[in-house]
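The values are calculated or read from the model by the stated rules, or taken from the named source; none is laboratory data. These figures come from a predicted structure and were not determined experimentally. Note that each Cβ is placed from the backbone with ideal geometry, even for glycine, and that neighbours are counted across all protein chains shown. Protein only, heavy atoms only, side chains kept; ligands, DNA and RNA dropped before computing areas. Shrake-Rupley method; radii C 1.70, N 1.55, O 1.52, S 1.80 Å.
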Amino acid sequence: MSESNPASTHVEGEGLRLDVDFSAPSGDTVQVRYRLRNDGAAPLAVFDRGNRHAVLTKRQAPGAIGVPTFEETGGGDVVLRHVAPPQADAPTGPTLPPTPLALKLEPGASIEGEFGFSIPASAPPRRVRWCLGVAAFDDVDFFSPEATDAGEVWQAGAGAIARQRVLCTPWFGMAAGRFGRD
């Protein structure tokens, strides 16, 4: 991932760095490659692994990157998210709302991921951005770890979801094929 490439960007947060490359193979499809490095002193939870319901129904392999959610925000802008959604105030059952999954990222470690997404928007998007949720890893708020090829994937409780930080890329102009320009 090259900082001189106009289709590359990086986002920094407290003790972490997210490097991202976008490409637009078609007017309504994006390909996203990313690397997240934990430069902090404590483990992080990375909410890019989907939810338990998708794994149980075999729509997603354990440890695989989940399908992002998307939102049309107006004017041709679309936001893709790998973020743990807030939980309901009262239990609704074993799979609803779906229990978010998070990859545990140790201090000094990094992960790389890639996903493609065909955006089912009402019209081809003009600009796209991607947001990723992360949280400090606390044993109290995570449960049922599963060893996967990607690393340890944990189910997240309400405390972790409430504490998550969201890192977002700048806007990527689909026609221009670059960040920060329409």
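Side notes on the structure shown:
- When we screen 67, 11, 46 for residues that are closer than 26 Å to residue 104 by Cα, buried (at least 20 other Cβ atoms within 10 Å of the Cβ) and not aromatic (Phe, Trp, Tyr), the only hit is 46.
- Each residue in the stretch 23-60 was checked for being of a type outside the set (S, T, N, Q), touching a strand residue (DSSP E or B) at 6+ places or on another chain (Cβ under 9 Å) and either free of Cβ contacts under 8 Å to residues at least 24 places away in the same chain or assigned to a strand (DSSP E or B) (or both), and 12 of them qualify.
- The stretch 51-89 - residue that is β-branched (Val, Ile, Thr) and over 17 Å from the mean Cα position of the chain (by Cα) and, of those, nearest to residue 154 (Cα to Cα): 57
- Flag for residue 28 being under 26 Å from residue 180 (Cβ atoms) and surrounded by fewer than 17 Cβ atoms within 10 Å (Cβ to Cβ): no
- Residues satisfying the stated conditions in the stretch 102-151, i.e. of a type in the set (A, V, I, L, M), in contact (Cβ under 8 Å) with a residue 40 or more places away in the chain and farther than 17 Å from residue 51 by Cα: 105, 109, 111, 119, 121, 123, 128, 136
- Pair list, Cβ under 8 Å, 6 or more apart: the stretch 169-181 residue over 18 Å from residue 19 (Cα atoms), other residue among the β-branched types (Val, Ile, Thr) and crowded, with 20+ Cβ neighbours inside 10 Å: 174/30; 174/128
- Checking each residue in the stretch 99-121 for being among the polar types (S, T, N, Q) and open to solvent by 30 Å² or more (accessible area, probe 1.4 Å) picks out 110, 118.
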